[in-house]
1. Collect the residues in the stretch A:1-18 that are open to solvent by less than 20 Å² (accessible area, probe 1.4 Å) and without any contact (Cβ under 8 Å) to a residue 60 or more places away in the chain, keeping them in residue-number order.
2. Taking A:Val23 as the residue in question, decide whether it is at pLDDT 95 or above, of a type in the set (A, V, I, L, M) and either open to solvent by 40 Å² or more (accessible area, probe 1.4 Å) or not in a helix (DSSP H, G or I) (or both).
3. crowded, with 20+ Cβ neighbours inside 10 Å and within 20 Å of B:Ser56 (Cβ to Cβ), is that true of A:Ile91?
4. Identify, from the list A:Ile54, A:Ile65, A:Ile81, the residue that is surrounded by 20 or more Cβ atoms within 10 Å (Cβ to Cβ), in a helix (DSSP H, G or I) and within 14 Å of chain B (Cβ to nearest Cβ).
5. Does at least one position in the stretch A:120-133 carry a residue that is of a type in the set (Gly, Ala, Ser) and open to solvent by 20 Å² or more (accessible area, probe 1.4 Å)?
6. What number of residues within the stretch B:1-30 are of a type in the set (Gly, Ala, Ser) and more than 11 Å from chain A (Cβ to nearest Cβ)?
7. Need at least 1 residues that are more than 12 Å from every other protein chain (Cβ to nearest Cβ) and in contact with a helix residue (DSSP H, G or I) (Cβ under 9 Å, 6 or more places away or on another chain) per element, so show me which helices (runs of 4 or more DSSP H) inside the stretch B:31-102 make the cut, counting only ones lying wholly within it.
8. Does the stretch A:39-51 hold any residues that are open to solvent by 10 Å² or more (accessible area, probe 1.4 Å) and either at positive phi or at the interface with chain B (Cβ under 7 Å from one of its Cβ atoms) (or both), and which are they?
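The values are calculated or read from the model by the stated rules, or taken from the named source; none is laboratory data. All values derive from a computational prediction rather than experimental measurement. In this analysis, Cβ positions are derived from the backbone assuming ideal geometry, glycine residues included, and neighbour counts consider all displayed protein chains. For the accessible areas, the whole protein counts, side chains as well, though only heavy atoms, and no ligand, DNA or RNA atoms are used. Shrake-Rupley method; radii C 1.70, N 1.55, O 1.52, S 1.80 Å.
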Amino acid sequence: MKVTNSMRTIVDSRSVNEGFARVTVSTFASQLDPTVEELSDIKTAVSEAVTNCIVHAYREKSGKIYISTDILDDSIVRIKIRDRGCGIDDIQQAMEPLYSSLGGERAGLGFAVMESFMDKIKVRSTPGKGTTVTLQKKINGKYNHD
Amino acid sequence: MKTEFDNKNKFLFVYLSGEIDHHSAIDIRMEIDKKISQLKPKKLILDYSDITFMDSSGIGLIMGRHRLMQSIAGETEVTNVPPKMYKVVKLSGIEKIGKVSVKQR
């Protein structure tokens, strides 16, 4: 699949940037004329991925979160969210709904939301090195009612 | 983001507005928990009418308050969840796992 347009942004792992990240990505994806629901799905999934970088990957320390968004042929948006944090030891367990290593205020739904709100999710992680989450969604859009 | 409270006969109504994410949830949680410990309500009603965005932090917020209310033998209800936000609520299964009743707008 050919990339027709792309955007890169790097933010510090500060929680105040969660809103910035989801709005930036969804604004960029707006060129595909998504429906309100599609846009909301993208915002929610990005918010979960970026929150994971802040609360899990970097925990008490601070680091950079690398976000790239590609527009592919056929109205597909592909978002990569990468950190150089602690990595995930057991990806399968991390992706299990309602599992959270932090407990308490975290619902353990981050990956479940990403999986259900996007078409595809790929998680690559190396303990001690970092994690890349790739999210993909086809935008059917406002003008595609067939 | 503004959180308003209304306390009637041991029923604590909390009117939330704006966006709930991991960032904003921290302050919202502290405000609500302060009120709960002051007023010791029988029932906590979280009104999501004016929520414009929420991710799973909005669910964590409910679950955490539910646990706190249980510790003082109180109940929790979530009301007026806008359709756009209901998708996360449905996915969470919070209506089934906890004794939290969730009403859609």
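1. Step one: filter the stretch A:1-18 for residues open to solvent by less than 20 Å² (accessible area, probe 1.4 Å), giving A:11, A:13, A:18.
Listed by number, the residues that qualify are A:Val11, A:Glu18.
2. On the way: at pLDDT 95 or above: yes; of a type in the set (A, V, I, L, M): yes; either open to solvent by 40 Å² or more (accessible area, probe 1.4 Å) or not in a helix (DSSP H, G or I) (or both): yes.
Judged against the criteria, A:Val23 is a match.
3. Working: crowded, with 20+ Cβ neighbours inside 10 Å: no; within 20 Å of B:Ser56 (Cβ to Cβ): yes.
Taking the combined requirement at face value, the residue does not satisfy it.
4. Details: A:Ile65 fails: in a helix (DSSP H, G or I); A:Ile81 fails: in a helix (DSSP H, G or I).
Sole residue among the options that is surrounded by 20 or more Cβ atoms within 10 Å (Cβ to Cβ), in a helix (DSSP H, G or I) and within 14 Å of chain B (Cβ to nearest Cβ): A:Ile54.
5. Residues of the stretch A:120-133 of a type in the set (Gly, Ala, Ser): A:125, A:128, A:130.
Narrowing the set further to residues that are open to solvent by 20 Å² or more (accessible area, probe 1.4 Å) leaves A:125, A:128.
Yes, the stretch A:120-133 contains at least one residue that is of a type in the set (Gly, Ala, Ser) and open to solvent by 20 Å² or more (accessible area, probe 1.4 Å).
6. Within the stretch B:1-30, the first condition is being of a type in the set (Gly, Ala, Ser), and the residues that meet it are B:17-18, B:24-25.
If we keep only those that are more than 11 Å from chain A (Cβ to nearest Cβ) as well, we get B:17.
Here the count works out to 1.
7. On the way: elements: B:57-71, B:83-92, B:94-97.
Result: B:57-71, B:94-97.
8. Selection gives A:Ser40, A:Lys43.
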